[in-house]
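Chemist: Have a look at the structure that comes next, please.
The values are calculated or read from the model by the stated rules, or taken from the named source; none is laboratory data. Quantities reported herein were computed from a predicted structural model and do not represent experimental measurements. FYI the Cβ positions are ideal-geometry reconstructions off the backbone, even for glycines, and counts take in every protein chain you see. Protein only, heavy atoms only, side chains kept; ligands, DNA and RNA dropped before computing areas. Shrake-Rupley method; radii C 1.70, N 1.55, O 1.52, S 1.80 Å.
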Amino acid sequence: MARIPLVREPPAHIPTILFGAFDRHNFGDLLFPHIVAAMLDDRNPVFAGLVDADLRRFGGHAVHAIAPLAAAWGERAVNLIHVGGEILTCGAWHAAVMLLPLPEARAVVARFDPRPEEALEWAQRRLGTRALAPYCVPRDFFPGARVIYNAVGGAGFGECDEALRAEVLANLRAADTIGVRDRETRAQLAAASVPARLVPDPAVMVAVLFGERIARHARVGEVAQIRAAFPQGYLAVQFSADFGDDATLDAIAAGLERSARSSGHGVALFRAGAAPWHDDTACYARLAARLPTTLVRIVESLDIWDICALIAASRGYCGSSLHGRIVAMAFALPRVNLLHRRAGHPGKQAAFAATWEPPQVRATVEVDEIADGIGEALNADPEQLRQTARELVERYRKEFDATRQRLV
(Lines give C-alpha, C1' and ligand atoms only; values in the text may rest on other atoms or scores of the structure.)
Protein backbone atom coordinates (compact mmCIF):
# COMPACT_ATOMS: atom_id res chain seq x y z
CA MET A 1 0.00 0.00 0.00
CA ALA A 2 1.31 3.45 -0.92
CA ARG A 3 2.31 5.56 2.02
CA ILE A 4 0.32 8.73 2.73
CA PRO A 5 2.56 11.79 2.30
CA LEU A 6 2.94 13.68 5.56
CA VAL A 7 1.46 17.17 5.72
CA ARG A 8 4.23 18.93 7.61
CA GLU A 9 3.56 22.56 6.77
CA PRO A 10 0.35 24.31 5.75
CA PRO A 11 0.22 25.68 2.20
CA ALA A 12 1.21 29.27 1.57
CA HIS A 13 -2.45 30.14 1.00
CA ILE A 14 -5.17 29.65 3.60
CA PRO A 15 -5.74 25.90 3.66
CA THR A 16 -9.14 24.24 3.42
CA ILE A 17 -9.54 21.01 5.40
CA LEU A 18 -12.28 18.64 4.33
CA PHE A 19 -13.12 16.52 7.36
CA GLY A 20 -15.40 13.53 7.71
CA ALA A 21 -15.86 9.80 8.12
CA PHE A 22 -14.14 8.95 4.84
CA ASP A 23 -11.33 7.34 6.82
CA ARG A 24 -13.18 4.00 6.53
CA HIS A 25 -15.08 2.22 3.79
CA ASN A 26 -18.59 3.61 3.54
CA PHE A 27 -20.03 4.54 0.16
CA GLY A 28 -21.58 7.91 0.95
CA ASP A 29 -18.77 9.13 3.19
CA LEU A 30 -16.20 8.34 0.49
CA LEU A 31 -18.20 10.32 -2.08
CA PHE A 32 -18.53 13.50 0.00
CA PRO A 33 -14.96 14.83 -0.26
CA HIS A 34 -14.93 14.27 -4.03
CA ILE A 35 -18.08 16.34 -4.39
CA VAL A 36 -17.09 19.15 -2.04
CA ALA A 37 -13.60 19.37 -3.57
CA ALA A 38 -15.14 19.64 -7.05
CA MET A 39 -17.49 22.39 -5.87
CA LEU A 40 -14.57 24.35 -4.40
CA ASP A 41 -13.18 24.99 -7.90
CA ASP A 42 -9.55 26.18 -7.66
CA ARG A 43 -8.87 25.27 -4.04
CA ASN A 44 -6.49 22.45 -3.10
CA PRO A 45 -8.01 20.89 0.02
CA VAL A 46 -6.46 18.65 2.65
CA PHE A 47 -8.47 15.50 3.41
CA ALA A 48 -8.79 14.62 7.07
CA GLY A 49 -10.51 12.06 9.28
CA LEU A 50 -9.96 10.70 12.76
CA VAL A 51 -7.00 8.53 11.75
CA ASP A 52 -4.48 8.29 8.94
CA ALA A 53 -5.98 6.04 6.27
CA ASP A 54 -5.43 5.33 2.60
CA LEU A 55 -8.72 4.64 0.81
CA ARG A 56 -7.42 5.35 -2.69
CA ARG A 57 -7.74 1.71 -3.70
CA PHE A 58 -11.51 2.10 -3.26
CA GLY A 59 -11.71 5.41 -5.12
CA GLY A 60 -11.32 7.41 -1.92
CA HIS A 61 -8.51 9.61 -0.64
CA ALA A 62 -5.32 9.57 1.37
CA VAL A 63 -6.66 10.81 4.69
CA HIS A 64 -4.75 12.57 7.48
CA ALA A 65 -5.61 12.33 11.16
CA ILE A 66 -7.20 15.57 12.33
CA ALA A 67 -5.44 15.81 15.74
CA PRO A 68 -1.89 16.15 14.34
CA LEU A 69 -3.15 18.69 11.80
CA ALA A 70 -4.69 20.70 14.61
CA ALA A 71 -1.43 20.55 16.57
CA ALA A 72 0.51 21.84 13.56
CA TRP A 73 -1.97 24.36 12.11
CA GLY A 74 -4.29 25.19 14.97
CA GLU A 75 -3.26 28.82 15.32
CA ARG A 76 -3.54 29.57 11.60
CA ALA A 77 -6.55 30.75 9.69
CA VAL A 78 -8.04 27.69 7.99
CA ASN A 79 -11.34 26.62 6.50
CA LEU A 80 -12.65 23.49 8.20
CA ILE A 81 -15.56 21.90 6.34
CA HIS A 82 -17.41 18.93 7.82
CA VAL A 83 -18.29 17.43 4.46
CA GLY A 84 -21.49 15.60 5.46
CA GLY A 85 -22.88 12.39 6.86
CA GLU A 86 -24.76 11.32 9.98
CA ILE A 87 -21.99 12.69 12.20
CA LEU A 88 -24.09 14.38 14.88
CA THR A 89 -25.06 11.01 16.39
CA CYS A 90 -21.80 9.07 15.90
CA GLY A 91 -20.21 8.40 19.28
CA ALA A 92 -16.56 7.66 19.97
CA TRP A 93 -17.10 3.92 20.54
CA HIS A 94 -18.84 3.34 17.22
CA ALA A 95 -16.39 5.59 15.41
CA ALA A 96 -13.35 3.77 16.78
CA VAL A 97 -14.70 0.26 16.12
CA MET A 98 -15.65 1.10 12.53
CA LEU A 99 -12.06 2.14 11.86
CA LEU A 100 -10.75 -1.34 12.74
CA PRO A 101 -10.24 -4.34 10.45
CA LEU A 102 -13.23 -6.65 10.83
CA PRO A 103 -11.54 -9.47 12.82
CA GLU A 104 -10.06 -6.96 15.26
CA ALA A 105 -13.40 -5.18 15.55
CA ARG A 106 -15.14 -8.42 16.53
CA ALA A 107 -12.55 -9.08 19.23
CA VAL A 108 -12.83 -5.54 20.60
CA VAL A 109 -16.63 -5.67 20.68
CA ALA A 110 -16.54 -9.02 22.50
CA ARG A 111 -14.11 -7.55 25.01
CA PHE A 112 -15.73 -4.20 25.74
CA ASP A 113 -19.40 -4.38 24.79
CA PRO A 114 -20.49 -5.50 28.29
CA ARG A 115 -18.45 -2.66 29.86
CA PRO A 116 -19.50 0.66 28.25
CA GLU A 117 -17.33 2.91 30.45
CA GLU A 118 -14.20 0.94 29.59
CA ALA A 119 -15.30 0.86 25.95
CA LEU A 120 -15.46 4.65 25.83
CA GLU A 121 -12.04 4.99 27.48
CA TRP A 122 -10.54 2.55 24.96
CA ALA A 123 -12.13 4.43 22.04
CA GLN A 124 -10.92 7.81 23.21
CA ARG A 125 -7.38 6.51 23.71
CA ARG A 126 -7.40 5.00 20.22
CA LEU A 127 -8.67 8.17 18.59
CA GLY A 128 -6.43 10.48 20.63
CA THR A 129 -9.31 12.68 21.76
CA ARG A 130 -11.61 13.00 24.75
CA ALA A 131 -14.52 13.85 22.46
CA LEU A 132 -17.77 11.94 22.85
CA ALA A 133 -18.75 12.77 19.24
CA PRO A 134 -15.36 12.89 17.50
CA TYR A 135 -16.60 13.65 13.98
CA CYS A 136 -17.71 17.08 15.24
CA VAL A 137 -14.44 19.00 15.62
CA PRO A 138 -14.30 21.31 18.67
CA ARG A 139 -13.53 24.96 18.02
CA ASP A 140 -10.42 24.87 20.23
CA PHE A 141 -8.76 22.51 17.73
CA PHE A 142 -8.64 25.38 15.24
CA PRO A 143 -9.35 28.68 17.06
CA GLY A 144 -8.77 30.73 13.92
CA ALA A 145 -10.84 28.57 11.58
CA ARG A 146 -14.02 29.13 9.69
CA VAL A 147 -15.95 26.05 10.81
CA ILE A 148 -18.64 24.83 8.45
CA TYR A 149 -21.08 21.93 8.68
CA ASN A 150 -22.13 20.96 5.18
CA ALA A 151 -25.43 19.03 4.94
CA VAL A 152 -24.79 16.88 8.00
CA GLY A 153 -27.35 14.55 9.54
CA GLY A 154 -28.61 13.65 12.98
CA ALA A 155 -32.10 12.22 12.59
CA GLY A 156 -31.74 10.23 15.82
CA PHE A 157 -30.15 13.08 17.77
CA GLY A 158 -32.94 13.21 20.35
CA GLU A 159 -32.23 9.61 21.36
CA CYS A 160 -28.52 10.18 22.03
CA ASP A 161 -26.90 10.30 25.45
CA GLU A 162 -27.33 13.68 27.14
CA ALA A 163 -23.59 14.30 27.46
CA LEU A 164 -23.00 13.62 23.76
CA ARG A 165 -25.89 15.92 22.83
CA ALA A 166 -24.47 18.72 24.98
CA GLU A 167 -21.04 18.37 23.40
CA VAL A 168 -22.42 18.38 19.85
CA LEU A 169 -24.64 21.39 20.53
CA ALA A 170 -21.69 23.32 21.98
CA ASN A 171 -19.60 22.56 18.90
CA LEU A 172 -22.43 23.57 16.59
CA ARG A 173 -22.99 26.86 18.44
CA ALA A 174 -19.30 27.66 17.91
CA ALA A 175 -19.52 27.00 14.15
CA ASP A 176 -19.77 29.72 11.52
CA THR A 177 -22.47 28.06 9.45
CA ILE A 178 -24.54 24.89 9.79
CA GLY A 179 -26.30 23.01 7.02
CA VAL A 180 -28.34 19.89 7.75
CA ARG A 181 -29.78 17.49 5.22
CA ASP A 182 -33.26 16.78 6.61
CA ARG A 183 -36.08 18.53 8.42
CA GLU A 184 -35.97 16.11 11.36
CA THR A 185 -32.38 17.07 12.19
CA ARG A 186 -33.15 20.77 11.72
CA ALA A 187 -36.17 20.55 14.04
CA GLN A 188 -34.17 18.85 16.78
CA LEU A 189 -31.45 21.49 16.57
CA ALA A 190 -34.02 24.29 16.51
CA ALA A 191 -35.53 22.91 19.72
CA ALA A 192 -32.09 23.46 21.28
CA SER A 193 -31.92 27.01 19.83
CA VAL A 194 -29.34 26.08 17.18
CA PRO A 195 -30.44 27.44 13.79
CA ALA A 196 -29.46 25.50 10.66
CA ARG A 197 -30.00 25.79 6.92
CA LEU A 198 -31.64 22.94 5.04
CA VAL A 199 -29.19 21.61 2.41
CA PRO A 200 -29.54 18.45 0.28
CA ASP A 201 -26.98 15.72 0.81
CA PRO A 202 -23.84 16.33 -1.32
CA ALA A 203 -24.37 13.05 -3.19
CA VAL A 204 -27.26 14.62 -5.14
CA MET A 205 -24.48 16.17 -7.26
CA VAL A 206 -22.80 12.91 -8.27
CA ALA A 207 -24.42 12.58 -11.71
CA VAL A 208 -23.79 16.15 -12.86
CA LEU A 209 -20.24 16.32 -11.50
CA PHE A 210 -19.01 12.80 -12.25
CA GLY A 211 -21.38 11.41 -14.86
CA GLU A 212 -18.65 10.81 -17.44
CA ARG A 213 -16.38 9.09 -14.93
CA ILE A 214 -19.23 6.85 -13.81
CA ALA A 215 -20.16 6.02 -17.41
CA ARG A 216 -16.57 4.88 -18.04
CA HIS A 217 -16.80 2.50 -15.09
CA ALA A 218 -20.06 1.11 -16.44
CA ARG A 219 -18.37 0.13 -19.71
CA VAL A 220 -15.55 -1.95 -18.24
CA GLY A 221 -14.74 -4.51 -15.56
CA GLU A 222 -17.27 -6.07 -13.25
CA VAL A 223 -20.08 -3.61 -13.96
CA ALA A 224 -19.87 -4.30 -17.69
CA GLN A 225 -20.00 -8.03 -16.93
CA ILE A 226 -23.08 -7.55 -14.75
CA ARG A 227 -24.82 -5.56 -17.46
CA ALA A 228 -24.08 -8.29 -20.02
CA ALA A 229 -25.35 -10.97 -17.65
CA PHE A 230 -28.73 -9.23 -17.23
CA PRO A 231 -30.10 -8.53 -20.73
CA GLN A 232 -33.53 -7.75 -19.20
CA GLY A 233 -31.99 -5.36 -16.70
CA TYR A 234 -31.35 -5.73 -12.97
CA LEU A 235 -32.14 -4.19 -9.63
CA ALA A 236 -29.22 -2.91 -7.55
CA VAL A 237 -29.89 -4.42 -4.12
CA GLN A 238 -28.01 -3.96 -0.86
CA PHE A 239 -28.61 -4.38 2.86
CA SER A 240 -26.51 -4.20 6.00
CA ALA A 241 -25.39 -7.17 8.06
CA ASP A 242 -28.12 -6.69 10.67
CA PHE A 243 -30.60 -8.03 8.09
CA GLY A 244 -28.76 -11.37 8.17
CA ASP A 245 -30.99 -13.46 10.46
CA ASP A 246 -32.74 -16.39 8.77
CA ALA A 247 -36.28 -15.04 9.07
CA THR A 248 -35.32 -11.70 7.55
CA LEU A 249 -33.39 -13.33 4.71
CA ASP A 250 -36.39 -15.56 4.01
CA ALA A 251 -38.62 -12.50 3.72
CA ILE A 252 -36.15 -10.64 1.49
CA ALA A 253 -35.78 -13.68 -0.77
CA ALA A 254 -39.53 -14.11 -1.11
CA GLY A 255 -39.96 -10.45 -2.03
CA LEU A 256 -37.11 -10.39 -4.53
CA GLU A 257 -38.29 -13.61 -6.18
CA ARG A 258 -41.79 -12.20 -6.57
CA SER A 259 -40.39 -8.93 -7.94
CA ALA A 260 -38.14 -10.76 -10.41
CA ARG A 261 -41.07 -12.82 -11.73
CA SER A 262 -43.15 -9.68 -12.17
CA SER A 263 -40.51 -7.41 -13.72
CA GLY A 264 -38.15 -9.85 -15.43
CA HIS A 265 -35.21 -8.08 -13.78
CA GLY A 266 -32.30 -9.86 -12.14
CA VAL A 267 -30.70 -8.94 -8.83
CA ALA A 268 -27.20 -7.49 -8.38
CA LEU A 269 -26.17 -7.55 -4.71
CA PHE A 270 -23.51 -5.01 -3.75
CA ARG A 271 -21.88 -3.68 -0.61
CA ALA A 272 -22.27 0.00 0.18
CA GLY A 273 -19.83 -0.33 3.06
CA ALA A 274 -17.17 -2.79 4.14
CA ALA A 275 -16.38 -1.24 7.53
CA PRO A 276 -17.58 -3.11 10.63
CA TRP A 277 -21.36 -2.94 11.17
CA HIS A 278 -21.93 -2.37 7.46
CA ASP A 279 -22.55 -4.98 4.71
CA ASP A 280 -21.50 -8.64 4.60
CA THR A 281 -21.04 -10.84 1.53
CA ALA A 282 -21.78 -13.92 3.66
CA CYS A 283 -25.35 -12.61 4.10
CA TYR A 284 -25.61 -12.14 0.34
CA ALA A 285 -24.42 -15.71 -0.29
CA ARG A 286 -27.08 -17.00 2.09
CA LEU A 287 -29.69 -14.90 0.31
CA ALA A 288 -28.59 -16.09 -3.13
CA ALA A 289 -28.98 -19.70 -1.97
CA ARG A 290 -32.63 -18.87 -1.25
CA LEU A 291 -33.15 -17.63 -4.84
CA PRO A 292 -32.51 -20.69 -7.02
CA THR A 293 -34.87 -19.53 -9.80
CA THR A 294 -33.81 -15.88 -9.85
CA LEU A 295 -30.78 -14.57 -11.73
CA VAL A 296 -28.50 -13.21 -8.99
CA ARG A 297 -24.95 -11.87 -8.99
CA ILE A 298 -22.91 -10.79 -5.97
CA VAL A 299 -20.76 -7.79 -6.89
CA GLU A 300 -17.25 -7.98 -5.48
CA SER A 301 -15.99 -4.48 -6.24
CA LEU A 302 -15.85 -1.96 -3.41
CA ASP A 303 -14.70 0.90 -5.64
CA ILE A 304 -17.14 3.77 -5.13
CA TRP A 305 -17.19 4.60 -8.84
CA ASP A 306 -18.07 1.00 -9.68
CA ILE A 307 -20.88 1.20 -7.13
CA CYS A 308 -22.14 4.44 -8.68
CA ALA A 309 -21.94 2.83 -12.12
CA LEU A 310 -23.79 -0.28 -10.94
CA ILE A 311 -26.66 1.84 -9.59
CA ALA A 312 -26.69 4.20 -12.56
CA ALA A 313 -26.95 1.30 -15.04
CA SER A 314 -29.68 -0.46 -13.05
CA ARG A 315 -33.47 -0.37 -13.39
CA GLY A 316 -33.70 0.81 -9.79
CA TYR A 317 -32.31 0.54 -6.26
CA CYS A 318 -33.63 -1.25 -3.17
CA GLY A 319 -31.63 -1.39 0.04
CA SER A 320 -30.82 -0.05 3.48
CA SER A 321 -28.18 2.49 2.38
CA LEU A 322 -29.26 6.12 2.31
CA HIS A 323 -26.65 6.83 -0.35
CA GLY A 324 -27.78 3.98 -2.52
CA ARG A 325 -31.05 5.88 -2.59
CA ILE A 326 -29.48 9.29 -3.15
CA VAL A 327 -27.30 8.12 -6.06
CA ALA A 328 -30.42 6.57 -7.60
CA MET A 329 -32.15 9.94 -7.08
CA ALA A 330 -29.26 11.73 -8.79
CA PHE A 331 -29.68 9.47 -11.84
CA ALA A 332 -33.51 9.82 -11.74
CA LEU A 333 -33.99 6.11 -11.08
CA PRO A 334 -36.66 4.24 -9.08
CA ARG A 335 -35.64 3.69 -5.44
CA VAL A 336 -36.93 2.45 -2.13
CA ASN A 337 -35.19 1.94 1.20
CA LEU A 338 -35.38 -1.28 3.15
CA LEU A 339 -36.43 -1.09 6.79
CA HIS A 340 -35.68 -3.85 9.28
CA ARG A 341 -38.59 -5.30 11.25
CA ARG A 342 -36.77 -4.40 14.46
CA ALA A 343 -36.25 -0.76 13.52
CA GLY A 344 -37.46 1.41 16.38
CA HIS A 345 -37.89 4.50 14.17
CA PRO A 346 -37.79 5.20 10.43
CA GLY A 347 -34.28 6.67 10.62
CA LYS A 348 -32.21 8.86 8.36
CA GLN A 349 -33.52 7.28 5.15
CA ALA A 350 -37.12 8.20 5.89
CA ALA A 351 -36.07 11.63 7.23
CA PHE A 352 -34.24 12.44 4.01
CA ALA A 353 -37.04 11.15 1.78
CA ALA A 354 -39.67 13.09 3.74
CA THR A 355 -37.63 16.26 3.19
CA TRP A 356 -36.76 15.97 -0.50
CA GLU A 357 -38.86 13.34 -2.26
CA PRO A 358 -42.24 14.12 -3.85
CA PRO A 359 -45.08 12.64 -1.79
CA GLN A 360 -45.85 10.05 -4.48
CA VAL A 361 -42.43 8.40 -4.03
CA ARG A 362 -42.36 5.84 -1.25
CA ALA A 363 -39.57 6.21 1.29
CA THR A 364 -39.20 2.84 2.99
CA VAL A 365 -40.62 -0.67 3.02
CA GLU A 366 -40.29 -3.40 5.62
CA VAL A 367 -38.82 -6.67 4.43
CA ASP A 368 -42.26 -8.29 4.11
CA GLU A 369 -43.30 -5.57 1.64
CA ILE A 370 -40.31 -5.61 -0.70
CA ALA A 371 -42.13 -6.79 -3.82
CA ASP A 372 -44.88 -4.18 -3.45
CA GLY A 373 -42.34 -1.45 -2.69
CA ILE A 374 -40.21 -2.29 -5.72
CA GLY A 375 -43.31 -2.47 -7.89
CA GLU A 376 -44.42 0.99 -6.76
CA ALA A 377 -40.93 2.38 -7.35
CA LEU A 378 -40.70 0.94 -10.87
CA ASN A 379 -44.07 2.51 -11.73
CA ALA A 380 -42.99 6.02 -10.71
CA ASP A 381 -43.38 8.81 -13.26
CA PRO A 382 -39.96 9.14 -15.01
CA GLU A 383 -40.40 12.88 -15.59
CA GLN A 384 -41.14 13.41 -11.91
CA LEU A 385 -37.94 11.54 -11.03
CA ARG A 386 -35.96 13.71 -13.45
CA GLN A 387 -37.53 16.87 -12.04
CA THR A 388 -36.58 15.85 -8.49
CA ALA A 389 -32.98 15.26 -9.58
CA ARG A 390 -32.83 18.70 -11.26
CA GLU A 391 -34.34 20.50 -8.27
CA LEU A 392 -31.90 18.91 -5.84
CA VAL A 393 -28.93 19.92 -7.98
CA GLU A 394 -30.19 23.50 -8.19
CA ARG A 395 -30.81 23.67 -4.45
CA TYR A 396 -27.41 22.23 -3.55
CA ARG A 397 -25.59 24.61 -5.92
CA LYS A 398 -27.41 27.57 -4.37
CA GLU A 399 -26.68 26.48 -0.81
CA PHE A 400 -23.04 25.65 -1.52
CA ASP A 401 -22.52 29.04 -3.16
CA ALA A 402 -23.68 30.60 0.10
CA THR A 403 -21.30 28.36 2.04
CA ARG A 404 -18.39 29.27 -0.22
CA GLN A 405 -18.94 32.94 0.60
CA ARG A 406 -18.15 32.16 4.23
CA LEU A 407 -14.68 30.76 3.52
CA VAL A 408 -11.64 32.83 4.47
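Chemist: Which pairs do you get when a residue that is closer than 9 Å to ALA155 by Cα, found in region 346-359, comes within reach of a residue that is in a helix (DSSP H, G or I) and modelled with pLDDT under 95, reach meaning Cβ atoms under 8 angstrom, with the pair 6+ apart or on two chains?
Modeler: none
Chemist: Got a number for residues in region 153-170 being buried (at least 22 other Cβ atoms within 10 Å of the Cβ) and out of contact with any Phe, Trp or Tyr (no Cβ under 9 Å at 6 or more places or on another chain)?
Modeler: Selection size over region 153-170: 2.
Chemist: Give me the strands (runs of 3 or more DSSP E) completely within region 303-408, filtered to those with at least 3 residues that are in contact with a Lys or Arg (Cβ under 7 Å, 6 or more places away or on another chain), ordered by residue number.
Modeler: Those strands (runs of 3 or more DSSP E) span 335-339.
Chemist: Would you mind finding the one in LEU102, LEU132 that is hydrophobic (A, V, I, L, M, F, W, C), touching a Gly at 6+ places or on another chain (Cβ under 7 Å) and over 29 Å from ALA38 (Cα atoms)?
Modeler: Details: LEU102 fails: touching a Gly at 6+ places or on another chain (Cβ under 7 Å).
Step by step, each of LEU102, LEU132 is checked, and only LEU132 is hydrophobic (A, V, I, L, M, F, W, C), touching a Gly at 6+ places or on another chain (Cβ under 7 Å) and over 29 Å from ALA38 (Cα atoms).
Chemist: Only one of ALA131, ALA110, ALA119, ALA123 is farther than 24 Å from PHE400 by Cα, open to solvent by 10 Å² or more (accessible area, probe 1.4 Å), part of a helix (DSSP H, G or I) and aliphatic (A, V, I, L, M). Can you tell me which? Walk me through it before giving the result.
Modeler: On the way: ALA131 fails: part of a helix (DSSP H, G or I); ALA119 fails: open to solvent by 10 Å² or more (accessible area, probe 1.4 Å); ALA123 fails: open to solvent by 10 Å² or more (accessible area, probe 1.4 Å).
That would be ALA110, the only listed residue that is farther than 24 Å from PHE400 by Cα, open to solvent by 10 Å² or more (accessible area, probe 1.4 Å), part of a helix (DSSP H, G or I) and aliphatic (A, V, I, L, M).
Chemist: Same structure again: Given the residues GLY158, GLY179, which is the only one that is outside any loop (DSSP other than H, G, I, E, B), closer than 16 Å to TYR396 by Cβ and not hydroxyl-bearing (Ser, Thr, Tyr)?
Modeler: Of the residues listed, the single one that is outside any loop (DSSP other than H, G, I, E, B), closer than 16 Å to TYR396 by Cβ and not hydroxyl-bearing (Ser, Thr, Tyr) is GLY179.
Chemist: Given the criteria open to solvent by 10 Å² or more (accessible area, probe 1.4 Å) and either modelled with pLDDT of 95 or more or not in a helix (DSSP H, G or I) (or both), does LEU209 qualify? Steps first, answer last, please.
Modeler: On the way: open to solvent by 10 Å² or more (accessible area, probe 1.4 Å): yes; either modelled with pLDDT of 95 or more or not in a helix (DSSP H, G or I) (or both): yes.
Taking the combined requirement at face value, the residue satisfies it.
Chemist: Here is a list: GLY347, GLY373, GLY324. Which entry is within 19 Å of the chain's Cα centre (by Cα) and open to solvent by less than 10 Å² (accessible area, probe 1.4 Å)?
Modeler: Exactly one residue qualifies, and that residue is GLY324.
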